[in-house]
Amino acid sequence: MEPDARTAALGPGAGRDSMTGATRPGEPAPAEVPAADDVPWRVTRVVRNAGWVIAASAAPALLGLAALPWLAHRLGTARFGVLLWVGTILQVAALFDLGFGRALARALAQSRVAPAPAPVIRAATTALAGLGLGGVAGALVVFGAASPLASALRGVGALHAEAVNAVRIAAGGVAATALASGAIGALEGWGSFRAAAALRGALGASLFLAPAVVVAWRPDVVSSMAAVVVVRAVVAAVAWRGVLRAIGARIGRPPGELDAALVRFAAWVTVSGVVGAALAYGERLLLGALAGAWALAVYAPPAELVLRLAGLADALVAALLPAVAAGVARGDERSLARLYGRLGVGLGSGMVGLCGALALWAPEIARLWFGSALAAPSAPVMRWLALGLFLNTLARLPLAALYAVGRSDGVARVHLIELPFYLGLATFLVDRWGATGAAVAWTIRVAVDALALFALVHRCRLAWARAPSLGGLAAGAALVALAALAPVDRWPVAKASITGLGFLLGAGGAFVAWRAWSLRAAPRWGER
C-alpha cells in the first residue's frame, strides 16, 4: 500500500495506515506507549479538556440566551429578525477559514507525540496564510452580495437599507471570525485548552452580548453588528499571538515552503464545511426567504437553544480530535477503543435524559424564555429539535474519528450527497409547515447524517470507533421521541416524574457502562 498523502509530512504516524493507524509491514514498530500521566488521549484528560471547552461555551451561551428577550424588546420583532438573519450570515460565512483551523489542530496534535519544530512552524504559517486569504475572500464576497442577502429576507420592508449596511459591517467580521476560530482550534490541538477556552468564550459571547450592550443606547442592527466585529477582531489578534508564541514562530515570519499535506486536508474540510453550513443553516435561510421574519423569529430561539446545547458535543470533539490524532499516531488502537467505549455510552446515556427533558418541557421552556406570544408555535419546533439534538450529538463521535485519521474527504463526500436531497426536503416542509417544517427537515437530515458517518467508520475499518452501536443510537432516539409525543402536557407532576426517571436511568446506565469498560481486560497505560 502506498503512503497516504493526507498523513505524510504531518509528523509521527506518517508511516502508518491512514485509515486504521496501524503500522505497515516493513515499518518499525511504534514507540512504547507513554505512562498514564503523559498520554494526551487518556480518558480523564479528554473529559477534563472537554470540560474547559464546555465552560467556555456555557457561560456566554447562557448569557446570550438571556439576552434574546432583551434584544427582541429593544429592537422590535422586525429588527430582531434582521439581526438574527445577519448573524446567521456571519456564522455561515465564517466557514471561509477554508478548513485550515482543523487541519492545523490535527497536525499540532500529532507533533506532540514526537515534536519537530520546523514542520510545526511550517504548518502554522501555512495555516495563517490560508486563513488570512480565506477570510479576506469571504469578506469581499459578503460585502459585494450585501444587497441580495438583505433582500432575501421577506418582510424586511422599510428596514432594507439598514439590513444592507448591517451585512456590509458583518463582512468585516468574516475575516476576524475565520482567523480566531483557526487559532483557537490550533491552541486546542497543541493542548492549551485553558487559553483556548477563554478565547472561545469571548468569541461566542460576542454574537449576542455585544449587541445587548449596544442596543441600550442605539437600538439598531448596524451598531449591533459593528460591536460584534470589533470584539471578534480583538479575539483573533490575541489568539494568533498565543499560537505563534507557543510554537516558537514570530509574526511576520515568511511561510516558505507550504505544507502540502495540510493544504490537501484543509481543502476537503473546506468542502465539508461549506456544504455542512448549507446543511446546518439551510432551513433558517429557506425559512426567512419563504415564510418571512416572523417565522424566523419563532424558529430561531429554540434553534439557538439546541445549538448551544450541541456545544456540549462540539466541546467533546474539540478535546477528542487532538487526543485521537495522537493515539492514531502511536497506533494504540486498544486504548482508543476503550476511550470511545466509555465516551459513547456516557454521552448517549446523558443525552437521553437531557433531550428527553427538553422535549417534555418544551411548552414551559418556551413560555418562560420568550413569552406567551411565541410559546405555542415554538413548542413543537423545540420538540423536533430535541430529537435531532440527540442524533447530532452521537454523530460527533464517528466524525472526530474520521477527521483524526485524515478521512476528511469521506466526510465531505457524504455531505455532498446529502445536500441536494436536504434542500429539496427543507423547501417542501418549510413551504408546507413553516417553522415546524424547518425543524422536521433538520431532524431528518441529522438522522441520515449520523447513519452515514457510522457507516463510513465501518467501511474504513475503524473498529475502535464503533461505539455506540446503531442499536443503542436507535433505542435512545426512540426514548427521546416518546418523551416528545407523551400526552402529559396537562399533568406537570407526571412530567416531572418522567423527567426524574429519565435522568436516573441515564445516570445509572452511564455508571454501569463506565464500570463495565473499566473492568474489561484492556491493557494498562504504559504496557506494550
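The values are calculated or read from the model by the stated rules, or taken from the named source; none is laboratory data. Note that the structure is predicted; figures quoted are calculated from it, not measured. FYI the Cβ positions are ideal-geometry reconstructions off the backbone, even for glycines, and counts take in every protein chain you see.
Against the conditions (1) at pLDDT 70 or above; (2) of a type outside the set (F, W, Y); (3) surrounded by fewer than 24 Cβ atoms within 10 Å (Cβ to Cβ), G130 satisfies every one except (3). Only one entry of L391, L347 meets the criterion of being closer than 30 Å to G292 by Cα, touching a helix residue (DSSP H, G or I) at 6+ places or on another chain (Cβ under 8 Å) and aliphatic (A, V, I, L, M), and that entry is L391.
Check whether at least one residue in the stretch 320-332 is at pLDDT 80 or above, surrounded by fewer than 24 Cβ atoms within 10 Å (Cβ to Cβ) and of a type outside the set (K, R), and report yes or no. Scanning the stretch 320-332, I find no residue that is at pLDDT 80 or above, surrounded by fewer than 24 Cβ atoms within 10 Å (Cβ to Cβ) and of a type outside the set (K, R), so the answer is no. Only one of the numbered conditions (1) modelled with pLDDT under 75; (2) touching a Pro at 6+ places or on another chain (Cβ under 9 Å); (3) buried (at least 24 other Cβ atoms within 10 Å of the Cβ) is violated by L65, and that is (3). Determine whether the stretch 369-376 contains at least one residue that is crowded, with 24+ Cβ neighbours inside 10 Å and either in a helix (DSSP H, G or I) or in contact (Cβ under 8 Å) with a residue 12 or more places away in the chain (or both). Scanning the stretch 369-376, I find no residue that is crowded, with 24+ Cβ neighbours inside 10 Å and either in a helix (DSSP H, G or I) or in contact (Cβ under 8 Å) with a residue 12 or more places away in the chain (or both), so the answer is no.
If you check L397, L402, L425 for being out of contact with any strand residue (DSSP E or B) (no Cβ under 7 Å at 6 or more places or on another chain), assigned by TED's automatic domain parsing to the domain that holds A441 and over 27 Å from G350 (Cβ atoms), only one passes: L425. Taking (1) within 22 Å of G242 (Cα to Cα); (2) at pLDDT 75 or above; (3) surrounded by fewer than 21 Cβ atoms within 10 Å (Cβ to Cβ) in turn, R74 satisfies each apart from (1).
Of everything listed in (1) surrounded by fewer than 21 Cβ atoms within 10 Å (Cβ to Cβ); (2) not in a helix (DSSP H, G or I), the single unmet condition for A337 is (2). Yes or no: the stretch 150-161 includes at least one residue that is under 19 Å from the mean Cα position of the chain (by Cα) and at pLDDT below 85. No, the stretch 150-161 contains no residue that is under 19 Å from the mean Cα position of the chain (by Cα) and at pLDDT below 85.
Among the candidates L179, L199, L203, L153, the residue that is surrounded by 20 or more Cβ atoms within 10 Å (Cβ to Cβ), closer than 26 Å to L290 by Cα and not assigned by TED's automatic domain parsing to the domain that holds L287 is uniquely L153.
Close contacts from the stretch 59-84, counting a first residue that is free of Cβ contacts under 8 Å to residues at least 24 places away in the same chain and under 21 Å from V306 (Cβ atoms) and a second that is assigned to a helix (DSSP H, G or I) and aliphatic (A, V, I, L, M), with Cβ to Cβ under 9 Å and a gap of 6+ residues or different chains, come to A66/A212.
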